[in-house]
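Input: a single structure, listed below in C-alpha coordinates.
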Amino acid sequence: MQLMVLGCYAPYAPALGACSGYLIQNEGLNIMLDCGHGTFAQLQSYIDFRKLHTLVISHFHPDHYVDIYAIRHAFSGALRDGTRKEPLIVYAPSEPQSIFEEISSWREVFITIPLEDAMLRENRFGNVTLSFFPTTHPMPCFGIKISSAEEKFTYTSDTAWTSNLVDQCLDSNIILAEASLRETDIEHTNRGHMTAKQSGLLAQNARAKTLILTHFWPEYNLDQLKREAETSFEGLVELAQMGKVFTF
Ligand SMILES: [Zn+2]
(Lines give C-alpha, C1' and ligand atoms only; values in the text may rest on other atoms or scores of the structure.)
Protein backbone atom coordinates (compact mmCIF):
# COMPACT_ATOMS: atom_id res chain seq x y z
CA MET A 1 0.00 0.00 0.00
CA GLN A 2 1.19 3.51 -0.73
CA LEU A 3 0.09 6.85 0.70
CA MET A 4 0.78 10.02 -1.25
CA VAL A 5 0.22 13.39 0.42
CA LEU A 6 -1.68 15.72 -1.91
CA GLY A 7 -2.14 18.42 0.71
CA CYS A 8 -1.55 18.80 4.45
CA TYR A 9 -2.57 22.34 5.45
CA ALA A 10 -5.56 23.70 7.36
CA PRO A 11 -7.70 25.68 7.37
CA TYR A 12 -6.08 27.45 4.41
CA ALA A 13 -3.12 26.63 2.23
CA PRO A 14 0.03 28.73 1.85
CA ALA A 15 1.29 29.79 -1.60
CA LEU A 16 1.39 26.77 -3.94
CA GLY A 17 0.05 24.59 -1.12
CA ALA A 18 -3.07 22.48 -0.70
CA CYS A 19 -5.34 21.55 2.19
CA SER A 20 -6.27 18.01 3.30
CA GLY A 21 -6.03 15.34 0.62
CA TYR A 22 -4.33 11.95 0.34
CA LEU A 23 -4.06 9.31 -2.35
CA ILE A 24 -3.99 5.67 -1.30
CA GLN A 25 -2.76 3.25 -3.95
CA ASN A 26 -2.89 -0.51 -3.71
CA GLU A 27 -2.52 -2.95 -6.62
CA GLY A 28 -3.88 -0.51 -9.20
CA LEU A 29 -6.63 0.82 -6.95
CA ASN A 30 -6.69 4.60 -6.38
CA ILE A 31 -8.58 5.92 -3.38
CA MET A 32 -8.60 9.63 -2.51
CA LEU A 33 -9.13 10.61 1.11
CA ASP A 34 -10.52 14.15 1.42
CA CYS A 35 -10.40 16.79 -1.29
CA GLY A 36 -9.61 20.14 0.31
CA HIS A 37 -8.52 23.27 -1.54
CA GLY A 38 -5.98 22.55 -4.28
CA THR A 39 -5.84 18.77 -3.85
CA PHE A 40 -7.46 17.87 -7.16
CA ALA A 41 -4.78 19.81 -9.05
CA GLN A 42 -2.13 17.99 -6.99
CA LEU A 43 -3.74 14.63 -7.76
CA GLN A 44 -3.36 15.30 -11.46
CA SER A 45 0.40 15.78 -11.02
CA TYR A 46 0.58 12.07 -10.22
CA ILE A 47 -2.27 10.17 -11.85
CA ASP A 48 -4.89 10.57 -14.54
CA PHE A 49 -7.94 11.56 -12.49
CA ARG A 50 -10.06 9.18 -14.59
CA LYS A 51 -8.27 6.33 -12.82
CA LEU A 52 -9.67 7.36 -9.44
CA HIS A 53 -11.89 4.61 -8.08
CA THR A 54 -13.26 6.07 -4.86
CA LEU A 55 -13.28 9.35 -2.96
CA VAL A 56 -13.93 9.51 0.78
CA ILE A 57 -14.89 12.87 2.29
CA SER A 58 -14.39 12.71 6.06
CA HIS A 59 -16.51 15.80 6.77
CA PHE A 60 -17.83 18.93 5.19
CA HIS A 61 -15.43 21.54 6.47
CA PRO A 62 -14.19 23.40 3.36
CA ASP A 63 -10.53 22.44 3.83
CA HIS A 64 -11.57 18.78 3.47
CA TYR A 65 -14.09 18.85 0.64
CA VAL A 66 -14.31 21.98 -1.56
CA ASP A 67 -12.52 20.45 -4.54
CA ILE A 68 -15.57 18.19 -5.01
CA TYR A 69 -16.94 21.04 -7.14
CA ALA A 70 -13.92 20.80 -9.46
CA ILE A 71 -14.05 17.00 -9.43
CA ARG A 72 -17.70 17.11 -10.45
CA HIS A 73 -16.89 19.07 -13.61
CA ALA A 74 -13.82 17.00 -14.46
CA PHE A 75 -15.77 13.72 -14.23
CA SER A 76 -18.77 15.19 -16.01
CA GLY A 77 -16.54 16.06 -18.97
CA ALA A 78 -14.78 12.69 -18.95
CA LEU A 79 -18.08 10.80 -18.87
CA ARG A 80 -19.36 12.98 -21.70
CA ASP A 81 -16.34 12.40 -23.96
CA GLY A 82 -16.18 8.70 -23.10
CA THR A 83 -12.76 8.72 -21.44
CA ARG A 84 -14.44 7.62 -18.20
CA LYS A 85 -17.15 4.98 -18.18
CA GLU A 86 -18.34 4.83 -14.59
CA PRO A 87 -19.47 7.44 -12.06
CA LEU A 88 -17.09 8.03 -9.15
CA ILE A 89 -17.96 6.36 -5.84
CA VAL A 90 -18.08 9.07 -3.17
CA TYR A 91 -18.43 8.33 0.54
CA ALA A 92 -19.52 11.35 2.59
CA PRO A 93 -21.37 12.19 5.81
CA SER A 94 -25.09 12.75 5.35
CA GLU A 95 -24.89 16.00 7.33
CA PRO A 96 -25.00 18.94 6.86
CA GLN A 97 -27.94 17.72 4.81
CA SER A 98 -27.89 20.56 2.28
CA ILE A 99 -24.32 19.75 1.18
CA PHE A 100 -24.89 16.00 1.08
CA GLU A 101 -28.06 16.45 -0.96
CA GLU A 102 -26.33 18.73 -3.44
CA ILE A 103 -23.51 16.25 -4.04
CA SER A 104 -25.76 13.20 -4.16
CA SER A 105 -28.06 14.98 -6.65
CA TRP A 106 -25.26 14.78 -9.27
CA ARG A 107 -26.21 11.17 -10.01
CA GLU A 108 -24.69 11.05 -13.47
CA VAL A 109 -21.26 11.83 -11.98
CA PHE A 110 -21.22 10.37 -8.46
CA ILE A 111 -22.53 7.30 -6.67
CA THR A 112 -22.85 8.86 -3.22
CA ILE A 113 -22.85 6.63 -0.15
CA PRO A 114 -23.55 8.02 3.35
CA LEU A 115 -20.72 7.25 5.76
CA GLU A 116 -23.30 6.56 8.46
CA ASP A 117 -24.42 3.53 6.40
CA ALA A 118 -20.94 2.51 5.30
CA MET A 119 -19.80 2.60 8.94
CA LEU A 120 -22.05 -0.37 9.68
CA ARG A 121 -20.44 -2.73 7.19
CA GLU A 122 -17.20 -3.84 5.58
CA ASN A 123 -16.41 -1.97 2.38
CA ARG A 124 -14.11 -4.12 0.33
CA PHE A 125 -12.17 -2.94 -2.74
CA GLY A 126 -9.77 -5.44 -4.24
CA ASN A 127 -7.50 -6.54 -1.41
CA VAL A 128 -8.26 -3.65 0.92
CA THR A 129 -11.12 -3.05 3.32
CA LEU A 130 -12.32 0.41 4.29
CA SER A 131 -14.07 1.04 7.59
CA PHE A 132 -15.15 4.24 9.26
CA PHE A 133 -15.73 5.60 12.75
CA PRO A 134 -17.13 8.87 14.09
CA THR A 135 -14.68 11.38 15.53
CA THR A 136 -15.20 14.26 17.97
CA HIS A 137 -15.52 17.44 15.94
CA PRO A 138 -18.00 20.36 15.69
CA MET A 139 -19.77 18.65 12.78
CA PRO A 140 -20.23 14.97 11.85
CA CYS A 141 -16.78 13.68 10.95
CA PHE A 142 -15.40 10.20 10.31
CA GLY A 143 -12.01 8.59 10.72
CA ILE A 144 -10.97 6.10 8.04
CA LYS A 145 -9.31 2.72 8.49
CA ILE A 146 -7.78 0.88 5.55
CA SER A 147 -6.68 -2.70 6.04
CA SER A 148 -4.91 -5.14 3.77
CA ALA A 149 -3.56 -8.58 4.61
CA GLU A 150 -0.24 -6.99 5.54
CA GLU A 151 -1.02 -3.55 6.94
CA LYS A 152 -3.49 -1.51 8.91
CA PHE A 153 -3.60 2.23 8.35
CA THR A 154 -5.81 4.78 10.12
CA TYR A 155 -6.49 8.41 9.21
CA THR A 156 -7.97 10.35 12.11
CA SER A 157 -9.27 13.24 10.01
CA ASP A 158 -10.25 16.06 12.39
CA THR A 159 -10.85 15.15 15.99
CA ALA A 160 -10.34 16.04 19.59
CA TRP A 161 -8.52 13.56 21.82
CA THR A 162 -10.77 10.82 23.26
CA SER A 163 -10.12 7.34 24.62
CA ASN A 164 -12.48 6.01 21.94
CA LEU A 165 -10.07 7.35 19.34
CA VAL A 166 -7.34 5.16 20.85
CA ASP A 167 -9.64 2.13 20.60
CA GLN A 168 -10.32 2.87 16.96
CA CYS A 169 -6.63 3.23 16.12
CA LEU A 170 -5.52 0.22 18.15
CA ASP A 171 -2.87 -1.89 16.40
CA SER A 172 -2.70 0.30 13.31
CA ASN A 173 0.84 0.15 12.00
CA ILE A 174 0.57 3.61 10.53
CA ILE A 175 -1.54 6.47 11.88
CA LEU A 176 -2.04 9.63 9.88
CA ALA A 177 -3.13 12.00 12.62
CA GLU A 178 -4.08 15.59 12.72
CA ALA A 179 -1.71 17.82 14.68
CA SER A 180 -3.56 21.09 14.44
CA LEU A 181 -2.11 22.69 17.54
CA ARG A 182 1.09 23.36 19.44
CA GLU A 183 1.20 22.50 23.11
CA THR A 184 0.98 26.21 23.98
CA ASP A 185 -2.35 26.37 22.11
CA ILE A 186 -3.94 23.51 24.02
CA GLU A 187 -6.83 25.69 25.21
CA HIS A 188 -8.15 25.58 21.65
CA THR A 189 -8.62 21.80 21.64
CA ASN A 190 -12.24 22.22 22.74
CA ARG A 191 -12.82 23.12 19.09
CA GLY A 192 -12.32 19.51 18.12
CA HIS A 193 -8.61 19.24 17.36
CA MET A 194 -5.48 17.70 18.87
CA THR A 195 -2.06 19.00 19.73
CA ALA A 196 0.96 17.27 18.22
CA LYS A 197 1.74 15.84 21.66
CA GLN A 198 -1.75 14.34 21.88
CA SER A 199 -1.25 12.81 18.44
CA GLY A 200 1.93 11.25 19.78
CA LEU A 201 0.07 9.91 22.80
CA LEU A 202 -2.56 8.46 20.48
CA ALA A 203 0.10 6.62 18.47
CA GLN A 204 1.80 5.42 21.67
CA ASN A 205 -1.41 4.07 23.23
CA ALA A 206 -2.53 2.51 19.94
CA ARG A 207 0.85 0.73 19.64
CA ALA A 208 1.56 2.18 16.20
CA LYS A 209 4.94 1.90 14.51
CA THR A 210 4.76 5.15 12.56
CA LEU A 211 2.92 8.38 13.19
CA ILE A 212 2.49 10.79 10.30
CA LEU A 213 1.49 14.26 11.46
CA THR A 214 -0.72 16.41 9.24
CA HIS A 215 -3.36 19.19 9.14
CA PHE A 216 -0.88 21.98 9.73
CA TRP A 217 -1.57 25.63 10.38
CA PRO A 218 0.61 27.23 7.66
CA GLU A 219 2.33 29.56 10.16
CA TYR A 220 3.54 26.79 12.48
CA ASN A 221 7.10 25.51 12.65
CA LEU A 222 6.67 21.86 11.66
CA ASP A 223 9.90 20.71 13.30
CA GLN A 224 8.51 21.97 16.59
CA LEU A 225 5.32 19.93 16.09
CA LYS A 226 7.46 16.87 15.34
CA ARG A 227 9.51 17.38 18.51
CA GLU A 228 6.36 17.75 20.59
CA ALA A 229 4.91 14.50 19.19
CA GLU A 230 8.21 12.74 19.90
CA THR A 231 7.89 13.57 23.61
CA SER A 232 4.89 11.23 23.88
CA PHE A 233 5.59 8.60 21.17
CA GLU A 234 8.53 6.19 21.08
CA GLY A 235 8.01 5.17 17.43
CA LEU A 236 8.83 7.02 14.24
CA VAL A 237 7.30 10.47 13.76
CA GLU A 238 7.01 11.75 10.20
CA LEU A 239 5.66 14.99 8.80
CA ALA A 240 3.18 14.93 5.95
CA GLN A 241 4.53 17.06 3.11
CA MET A 242 2.99 17.64 -0.27
CA GLY A 243 4.20 15.05 -2.75
CA LYS A 244 5.71 12.84 -0.05
CA VAL A 245 5.08 9.13 -0.48
CA PHE A 246 4.90 6.60 2.32
CA THR A 247 5.07 2.93 1.36
CA PHE A 248 3.90 0.31 3.80
ZN1 LIG B 1 -12.78 20.11 10.35
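The values are calculated or read from the model by the stated rules, or taken from the named source; none is laboratory data. Since the model is a prediction, treat every value here as computed from it, not as a measurement. Quick reminder, even Gly has a Cβ in these numbers, built from the backbone with ideal geometry, and neighbours come from all protein chains shown. Protein only, heavy atoms only, side chains kept; ligands, DNA and RNA dropped before computing areas. Shrake-Rupley method; radii C 1.70, N 1.55, O 1.52, S 1.80 Å.
The table below gives the values:
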quantity	calculated
Principal axis dimensions, largest first and in whole angstrom, of the range 14-80 by Cα	29, 28, 23
Under 5 Å, built H, 5+ apart or other chain: amide partners of S180	M194
Other-chain or far-sequence residues with amide H under 5 Å of Y91's (modelled H)	L55, V56, I57, I113
Accessible surface, the range 9-136, averaged per residue in Å² (probe 1.4 Å)	43
Pairs of Lys in the chain closer than 30 Å at Cα, counting only those 8 or more apart or on different chains	19
Förster-model FRET efficiency, 30 Å R0, N190 and H73, C-beta, rounded to 0.05	0.20
Percent of Cα-Cα distances greater than 15 Å, calculated over the range 89-183	64
Convex hull per residue volume in Å³, alpha carbons only, for the range 99-143	83
Sparse-neighbour loop sites [GluC sites (Glu not before Pro); the range 120-215; at most 10 other C-beta within 10 Å; DSSP]	E122, E150
Euclidean distance between Cα centres, the range 188-232 to the range 44-114, Å	30
Cα long-axis angle, helix 196-205 against the chain (0 to 90 degrees, to the nearest 10)	90
Mean Cα-pair separation over length for the chain, i.e. relative contact order, pairs under 8 Å, 6 or more apart, %	17
Percent carbon-and-sulfur accessible area, the chain, ignoring ligands, DNA and RNA, probe 1.4 Å	49
Difference of contour (0.36 nm per residue) and Cα-Cα distance, E116 to E86	8.4 nm
Percent of beta bridges antiparallel (DSSP, the chain, rounded to nearest 5)	50
Value of D in µm² per second that Stokes-Einstein yields for the range 110-248, Kirkwood Rh from Cα pairs, at 25 °C (0.890 mPa s)	161
Stokes-Einstein D for the chain, Kirkwood Rh over Cα pairs, 10 °C, 1.306 mPa s (µm²/s)	89
Gaussian network model of the chain, springs between alpha carbon atoms under 10 Å - residue of S199, S20, S45 with greatest fluctuation	S45
